[in-house]
Amino acid sequence: MADATVPAPPASQGWQSARRRAFALGLAPSLIVLLAITLVPAAALLVASFTPLSLTDPAGTFHFRDPLGNYRHLLEDARFLGSIATQLKLSAASVALQLAVGLGLALLLNGPSRVLGAARGAFLIPMVLPPIVVALIWKIMFTPDVSPLHRALDAIGWPVRSVIANPDTALWAIAFADTWQWFPFTMLMVLAALQMMPADPIEAASLDGADRWQLFRYIVFPHIRPVLVVCGLFRLIDSFKAFPLIFVLTDGGPGTVTEVTNYYGFIQAFNFSYWGYASAIAMVILAGVFTLSWLVGRLGWNDHDKR
Amino acid sequence: MTQRRHLLQAATGIGASLLLPGLASAQTGGARRFQGVTLNVSTFSAAYPKLLQQWLPEFEAQTGARVNFDAPSFPVYNQRADLELSTKGAAYDVVNVTFIYSSRWINSGWLTPLDEFIANPQLTAADWDVNDFLSGARAPETGRDGKLYGIPWTAEALLSVSSRFDLVQQAGLEFPDTTDDLVKVLRAVNKKERVAGFVSDSHYGWTFVPYLHAFGGDVFRKAPDDLFPTLDTPEAIAAADYYAQLIREFGPDGAVTYQPDQVTQALKLGRVNFSDAGQLHLAQLGDAATSRTLKTVKFGFVPKGPAGRFPGTAVHGLGIPAGSRNKEAAWAFIQWALSRQTTRRAVAAGYGSPSRRSDIDSAEFRSRQRINGSDLAQLSLDTITQAERTGHMKYRTVSVYPQVDQQLNKAIALIATGQANARQAMQQAQAQSIAELRRAGQKI
């Protein structure tokens with residue numbers, strides 16, 4: 001009898017609810033799998049970072065007697081702290097160079113000509129090469145014994161010392177090679193933004209007497225700024241993965257001048273088998289990348305949304 | 001493709017059973033005993049494994065086993081094997097027991113002792129003779145329990161070379177015997193005819209240590225029992241200063257980045273005069289087709305210092321992981337891969353670093369190792385014998401050496417590139433080695 005007092009839901013509301021339930025049930029298996037394959041390894045990394053896990057004694061070292069021990073040791077590890085400074089220098093240099101070169105070339109190549117189209121295609125080549133191939137190309141270029149570049153410079157009476165063996169230039173050599181591979185990404189993104197830009201504001205500003213710099217400063221740049229921020233963010237995140245270049249070109253040296261944090265983590269895990277310690281390093285990198293991404297997001301594209 | 005493989009197996013099988021009668025008769029059940037077994041073999045890429053890969057159809061025809069042979073680069077192999085062995089997994093049936101990891105892998109119980117296989121006449125041919133392998137090469141493949149865990153396929157010695165000894169002779173000097181002589185010679189010949197004086201493989205944890213020992217220093221207080229690092233002693237600092245100065249003062253451009261193959265190439269082309277390198281690399285200077293320094297090269301021992309002469313050696317062997325599910329077949333493979341017949345055949349094919357005494361003493365090997373008047377085989381043999389006698393190579397097979405090895409690499413590079421003086425670099429290496437060893441749970 002009580003049922004008779006409850007008003008029946010409108011037909012459309014019942015259908016909506018059934019639809020939502022069907023979606024949820026349909027998506028649940030995929031979501032569970034997705035969560036499992038993304039979150040479980042990360043959770044395993046986090047758990048391992050609380051243990052002194054070493055491959056030489058996996059059973060004996062997988063315990064939680066001093067869960068923050070690895071993190072405490074990291075704070076006292078001069079080589080780890082040095083690797084963070086190296087990482088920041090490399091990231092700043094390579095991201096700045098990639099944005100500058102990519103933006104410059106995009107502005108130069110923005111046009112309908114066939115020649116420009118061909119040039120755009122040619123500039124994309126480094127980006128599609130596998131990282132290890134890029135590393136080998138630059139290993140050859142930077143090795144005086146076999147480098148055509150060194151030989152050419154030598155032949156014209158301008159010999160250049162090995163840049164990867166010199167502690168003052170080794171990190172710049174890595175940043176240069178990284179820029180060579182990845183400036184096309186910025187170029188491509190900026191070109192796409194430029195080609196979607198409406199012509200009217202530029203025509204109007206030209207009629208008002210704006211010069212080329214003013215056109216760029218007040219019309220073009222505000223239009224492509226969000227794209228540049230996205231490019232910067234992507235490249236910043238990727239700059240933490242400049243592993244093959246360092247592995248092949250310098251092995252973290254000379255000394256430790258090119259030893260970035262993930263390379264140091266790699267050494268701890270795969271050369272020394274300290275998986276717990278390496279996991280803690282990986283967690284610090286993860287936290288660092290998240291923080292930087294958030295900061296860049298705050299500084300950059302959100303402004304565009306607010307307007 | 002499968003048909004071709006079967007045909008090849010059948011054809012080679014007839015020849016193989018003639019070549020390797022001992023192996024066939026030693027296996028209970030006779031020929032093709034391991035029909036249906038798939039063996040997964042992994043080593044790093046090197047001359048001997050490459051020869052084995054060519055001859056695999058013979059083993060397959062003889063035993064019926066099928067072999068997957070994987071040979072990645074040295075660092076990739078070591079990382080992969082380290083991970084796999086630590087889990088005691090069954091992915092591999094035969095692995096290379098890498099010299100620098102041998103203590104860790106053996107004493108952690110990750111490998112199978114081979115003594116019982118060797119002692120069993122049902123499993124091992126009577127003429128196989130484990131004692132024919134150099135005892136100095138078997139030592140690093142032996143565990144604390146005295147059991148043998150790997151059969152050596154290479155026994156390499158670190159030797160000294162002058163690729164342009166003619167320049168030394170023109171200066172009226174002899175092949176340097178001591179660390180002082182070396183500097184004197186280098187000062188006389190450096191940059192003569194645009195030839196740099198000295199370079200070494202940038203793996204200084206291998207190339208520098210003979211100098212560390214020669215100056216009276218050591219890596220640990222007393223390996224393998226007392227593993228307290230001793231990198232900041234006055235002797236160690238003096239040795240590091242000496243060695244880094246060789247690279248800095250006499251090295252070619254980019255000297256701190258040189259890899260072993262680059263060193264060999266520079267010596268063959270006569271771009272660099274002196275180096276210390278493994279015998280396997282140095283033997284390539286005797287190749288008339290590619291070496292421009294064949295007529296000017298001279299080899300010798302690494303120089304002795306105030307404390308004496310302590311040359312380096314390196315050994316690699318084949319072993320069976322503890323987790324292998326095909327141990328008898330794996331042993332059959334190792335037995336075949338390192339039988340007298342196979343090793344002799346490898347020597348005939350030009351292999352330059354055998355571990356069987358009978359191969360080293362063979363006329364064929366001896367004549368090929370005599371290069372421009374130097375007897376490379378004898379120098380190598382004497383080096384390995386000396387290392388066994390003094391035990392100074394024990395530092396290299398302790399479980400924590402990879403950690404200290406890398407500190408040495410960094411320290412020498414820091415000094416050679418002027419980023420730190422010898423005292424600062426070695427004190428830093430000492431402090432970081434202690435931290436790494438504590439992380440490994442060492443009581444020091």
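Any read-out appearing in this document is the output of simple, stated calculations on the displayed coordinates, not a laboratory observation. As the structure is a computational prediction, the values presented were derived from the model and not from experiment. Every residue, glycine among them, receives a Cβ derived from its backbone with ideal geometry; neighbour counts consider all protein chains shown.
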## Note on the structure
Here the residues of region A:91-126 lying in the modelled label zone of A:R225, meaning backbone nitrogen under 13 Å from a point 7 Å along Cα-to-Cβ, are none
### Summary
So the FRET efficiency between B:D261 and B:A289, C-beta based with R0 = 22 Å and rounded to 0.05, is 0.85
## Note on the structure
The summed charge of the A:A210 Cβ neighbourhood (under 15 Å; Lys/Arg +1, Asp/Glu -1) stands at -2
### Task
Scan around B:G216 for amide H atoms under 5 Å from its own, H built in the peptide plane at 1.01 Å from N, and keep only partners 5 or more places away or cross-chain.
B:A307
### Query
With each run of n ≥ 4 DSSP H residues scored as -39500 (n - 2.57), what mean residue ellipticity at 222 nm is computed for chain B after dividing by its residue count and rounding to the nearest 500 deg cm²/dmol?
-13500 deg cm²/dmol
### Query
Under a plain spin-label model, where a point goes 7 Å from the Cα along Cα-to-Cβ, how far apart in nm are B:D382 and A:A100?
5.9
### Euclidean distance of C-alpha centroids, region A:58-81 and region A:219-289, integer Å
21
### Environment charge of B:A425, counting only residues whose C-beta is closer than 12 Å and scoring Lys/Arg +1, Asp/Glu -1
0
### Task
Filter the trypsin sites (Lys or Arg not before Pro) in region B:217-255 to those in DSSP coil with at most 10 other Cβ atoms within 10 Å of their Cβ, and list the result.
none
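Can you give the FRET efficiency for B:I444 and A:A42, using 1/(1 + (r/R0)^6), R0 = 35 Å, r = Cβ-Cβ distance, to the nearest 0.05?
FRET efficiency, B:I444 to A:A42: 0.50.
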### Message
Report the Cα-based extents of the protein assembly as shown along its three principal axes, largest first, to the nearest Å.
### Response
95, 86, 57
### Query
So if R0 is 56 Å, what FRET efficiency would B:Q35 and A:S206 give, r being the distance between their Cβ atoms, rounded to the nearest 0.05?
0.10
### Message
Can you classify region A:187-306 as rounded, prolate or oblate using the Cα gyration tensor, where a ≥ b ≥ c are the square roots of its eigenvalues, rounded means a/c under 1.5, and otherwise it's prolate if a/b beats b/c and oblate if not?
### Response
prolate
## Note on the structure
Given backbone amide H placed at 1.01 Å from N, residues whose amide H is under 5 Å from that of B:F133, ignoring those fewer than 5 places away on the same chain, are B:R357
### Query
In region B:300-343, what is the volume of the convex hull around the alpha carbon atoms, normalised per residue and reported in Å³?
108
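Calculate for chain A the 222 nm mean residue ellipticity that helices alone would give, adding -39,500 (n - 2.57) per DSSP H run of length 4 or more and normalising by residue count, nearest 500 deg cm²/dmol.
Calculated at 222 nm, the ellipticity per residue is -23000 deg cm²/dmol.
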### Query
Which pairs in the list B:K394/B:K443; B:K327/B:K394; B:K184/B:K304 are over 21 Å apart, alpha-carbon to alpha-carbon?
B:K327/B:K394
### Euclidean distance between Cα centres, region A:173-194 to region B:121-158, Å
55
## Note on the structure
Residue by residue through region B:274-290, the couplings from Karplus 6.51 cos²θ - 1.76 cosθ + 1.60 with θ = phi - 60°, in Hz, x for Gly and Pro, are 9, 7, 10, 8, x, 4, 4, 6, 5, 4, 5, 6, x, 7, 4, 6, 10
### Task
Could you tell me which of rounded, prolate or oblate describes region B:292-444, using a ≥ b ≥ c as the square roots of the eigenvalues of the alpha-carbon gyration tensor, with rounded for a/c under 1.5 and, failing that, prolate when a/b is larger than b/c and oblate otherwise?
oblate
### Summary
Inverse of <1/r> over all distinct C-alpha pairs of chain B, i.e. the Kirkwood Rh in Å, gives 22.8
### Query
Which of the lysines could a cross-linker span from A:K241 if the Cα-Cα distance has to be under 19 Å and same-chain partners fewer than 8 positions apart are dropped?
A:K89, A:K139
### Summary
Total charge of the residues flanking B:L269 in space, meaning their Cβ is under 12 Å from its Cβ, with Lys and Arg +1 and Asp and Glu -1, is +4
### Task
Positive end of the charge dipole of the protein assembly as shown (Lys, Arg +1 and Asp, Glu -1 on Cβ, about the Cα centre): tell me which of A:L286, B:S163, B:A255 has its Cα farthest that way.
A:L286
### Query
Over what distance in Å are the Cα centres of region B:298-324 and region B:367-444 separated?
10
#### Entry: Amide H within-cut-off set for B:S45, under 5 Å, with H built and near neighbours excluded
B:S73, B:F74
### Query
Roughly how compact is region B:44-191, stated as its Cα Rg over 2.2 N^0.38 Å to two decimals?
1.45
### Message
Starting from the 7 Å offset along Cα-to-Cβ, what nm value, one decimal, do you get for the label separation of A:I32 and A:V146?
### Response
5.3
### Task
Could you size up the charge dipole of the protein assembly as shown around its Cα centre, putting +1 on the beta carbon of Lys and Arg and -1 on that of Asp and Glu, and report it in debye to the nearest 20?
900
### Message
Test of understanding: what is the full-extension gain from A:A22 to A:A199, defined as 0.36 nm times their sequence separation minus their Cα-Cα distance?
### Response
59.0 nm
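Determine Rg/Rh for chain A; Rg is computed over alpha-carbon atoms and Rh is the Kirkwood hydrodynamic estimate from the same atoms. Could you put the intermediate results ahead of the total?
Values: Rg = 26.3 Å, Rh = 23.7 Å.
The Rg/Rh ratio comes out at 1.11.
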